[in-house]
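Reading through the structure tokens given below for one structure.
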Amino acid sequence: MKQFLSFVRKEFIHIFRDRWTMVIILILPVVMLILFGYALNTEVRNTSIAVCDPSDDYATCRIIEALDHSQYFDVVQRLPDPDGIDTVFREGKIGLAVVFSNDFYDNLAHTGEAEITLVADGSDPNTAISRVNYATGIINSCRAELTGTGDTPYQITATTRLLYNPEMKSAYNFVPGVIGMILMLVCAMMSSVSIVREKEQGTMELLLVSPMRPILIILSKLVPYLVLSCLNLATILVLAVFMLGVPVAGSFFWLIVTALLFIFVSLSLGLLISTVAETQLAALLVSVMALMLPVMLLSGMMFPIDNMPVFLQVIANILPAKWFISAARKLMIQGLGFHAITGELAVLSLMAAVLITVSLKNFKVRLE
């Protein structure tokens, strides 16, 4: 029994000495619980909406007030006419628009019927339908209040119009996200593991003492992943357009430029991971914790970022994939051009500069 306890004690010591094992056992479950617990949220909350109310009567004011006071919507803009709806959607200011018919309350009082048009961004069909359903529920509650004790209940017809994706194809939503995830994983995860494998096997030192400059050796290991990522990008775009029917409605040139910039950011991130990790297992662990799970859950690929807690939204904003997916959706689905993605390009450019500078500075090019 004493020998058994000695072996148990020895195993504990080995585990405590390996920091990455401790991370897997103690920290990874906490991180996964937080991410899945908060990010997997299909509820719609605090959606910015615009209202077009030509009537401005008692009934429309009551409905607008109910929408604004709910936990699901915030009325942030009033539109003088429906012609401005496309503009505010393209600017990314709102997630839903509510358009009342002319003489709304008069129609209710005299004919018992009135119309409301709900306009949503169909590039994310699931979120759009959730927003429409919540708004319809609130409108129906107001309809019951407005009817009161009258013999004939009012009928408010809510018509739905989905912009950019009227057929509600799910591919419109997930294809830009899949492109971002594949490029991120191929560039960052695989490149970091490749470099760490050389370090782990001791061959990196042989490469670094060769006549070629160390920086060129490092970059030469990243070039194949750049080429493979470009091939992946071309393949995904061909399949998306011709097989899944996802259009590239905006500027194809700026889509390619944005993708190449994102690839460079991902390669820089892989190089940074290689400066931290000493083994392939450690590199994979860091990649999964820092890339794969956050990209899937926090980049807007699967779940709306606006529904997440503030601290997760902050993390989402430092993920390169979030900015690429946002730009890709604007270019592919919404049909926008360069002016609409200047913010995303600026953020990705800044990330590229910071990551490549820090990575090359921390990379050990000398034997220890």
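The values are calculated or read from the model by the stated rules, or taken from the named source; none is laboratory data. Keep in mind the model is a prediction, meaning the values are calculated, not measured. Every residue, glycine as well, gets a Cβ built from its backbone with ideal geometry; the counts of neighbours run over all protein chains shown. Ligands, DNA and RNA are excluded from the accessible area calculation, which covers all protein heavy atoms including side chains. Shrake-Rupley method; radii C 1.70, N 1.55, O 1.52, S 1.80 Å.
Some points to look at:
- Extending 7 Å from Cα along the Cβ direction at GLN201 and again at GLN313 yields two label points whose distance is 4.7 nm.
- Apportionment of accessible area to carbon and sulfur, the chain, percent (1.4 Å): 62
- Here region 54-202 is assigned +1 on the Cβ of each Lys and Arg and -1 on the Cβ of each Asp and Glu. Its dipole about the Cα centre then comes out at about 800 debye.
- Region 85-143: relative contact order in percent, alpha carbon pairs under 8 Å with at least 6 residues between: 29
- Take the Cα of ALA346, step 7 Å toward its Cβ, do the same at GLU113, and the gap between the two points is 5.0 nm.
- For region 77-115, the set of GluC sites (Glu not before Pro) satisfying both a DSSP loop assignment and a count of at most 14 other C-beta atoms within 10 Å is given as GLU91.
- Less than 5 angstrom separates the built amide H of VAL51 from those of GLN77, ARG78, LEU79, VAL98, all sequence-distant by 5 or more or on a different chain.
- The simple spin-label model puts a point 7 Å past each Cα toward its Cβ; for ASN140 and ARG45 those points are separated by 2.3 nm.
- Here is the list for region 50-121: trypsin sites (Lys or Arg not before Pro) lying in DSSP coil, each with at most 16 other C-beta atoms within 10 angstrom of its C-beta, are LYS93.
- In order along region 55-67, the phi-based Karplus estimate (6.51 cos²θ - 1.76 cosθ + 1.60, θ = phi - 60°) of 3J(HN,Hα) comes to 7, 6, 10, 4, 5, 5, 5, 5, 5, 4, 5, 5, 5 Hz; Gly and Pro are listed as x.
- Here the sum of -39500 (n - 2.57) over DSSP H runs of 4 or more residues, divided by the residues of the chain, equals -19000 deg cm²/dmol at 222 nm, to the nearest 500.
- Electrostatic tally near PHE174: other residues with Cβ closer than 12 Å to its Cβ, Lys and Arg +1, Asp and Glu -1, net +1.
- Lysine pairs in the chain with Cα atoms under 19 Å, if 8 or more residues apart or on separate chains: 10
- The charge dipole of region 102-144, taken about its Cα centre with unit charges on the Cβ atoms of Lys, Arg (+1), Asp and Glu (-1) only, comes to about 200 debye.
- Taking a ≥ b ≥ c as the square roots of the eigenvalues of the alpha carbon gyration tensor, region 230-319 is oblate, as a/c is not under 1.5 and a/b does not beat b/c.
- Taken one residue at a time, the phi angles of region 278-289 give Karplus couplings (6.51, -1.76, 1.60, θ = phi - 60°) of 10, 10, 5, 4, 5, 5, 5, 4, 4, 5, 5, 6 Hz. Gly and Pro are set to x.
- Alpha-carbon centroids, region 109-132 and region 68-100: separation in whole Å: 12
- Amide H contacts under 5 Å for ARG161, placed H, 5+ residues apart: LEU118, VAL119, ALA120
- Computed over the chain, relative contact order equals 18 percent, with contacts defined as Cα pairs under 8 Å that lie 6+ residues apart.
- Three-way shape call for region 150-304 based on the alpha-carbon gyration tensor, with the a/c threshold at 1.5: prolate
- Each residue of region 230-239 is assigned a 3J(HN,Hα), and the resulting list reads 5, 5, 4, 4, 4, 5, 5, 5, 4, 5 Hz, derived from the Karplus form 6.51 cos²θ - 1.76 cosθ + 1.60 (θ = phi - 60°), x at Gly and Pro.
- Against the rule of thumb 2.2 N^0.38 Å, how large the Cα Rg of the chain comes out: 1.27
- Neighbour-limited loop hits for trypsin sites (Lys or Arg not before Pro), region 309-368 (at most 16 other Cβ within 10 Å; DSSP other than H, G, I, E, B): LYS364, ARG366
- Rounded to the nearest 20 debye, the dipole size of the chain about its Cα centre is 2500 debye, using +1 on the Cβ of Lys and Arg and -1 on the Cβ of Asp and Glu.
- Overall shape: prolate for region 87-127, with the ratio a/c of the largest to smallest alpha carbon gyration tensor axis at 1.5 or above and a/b above b/c.
- Residues of the chain: accessible area per residue with a 1.4 Å probe, Å²: 51
- Unit charges at the beta carbon, dipole of the chain: most positive-side option, LEU319, SER268, SER299: SER268
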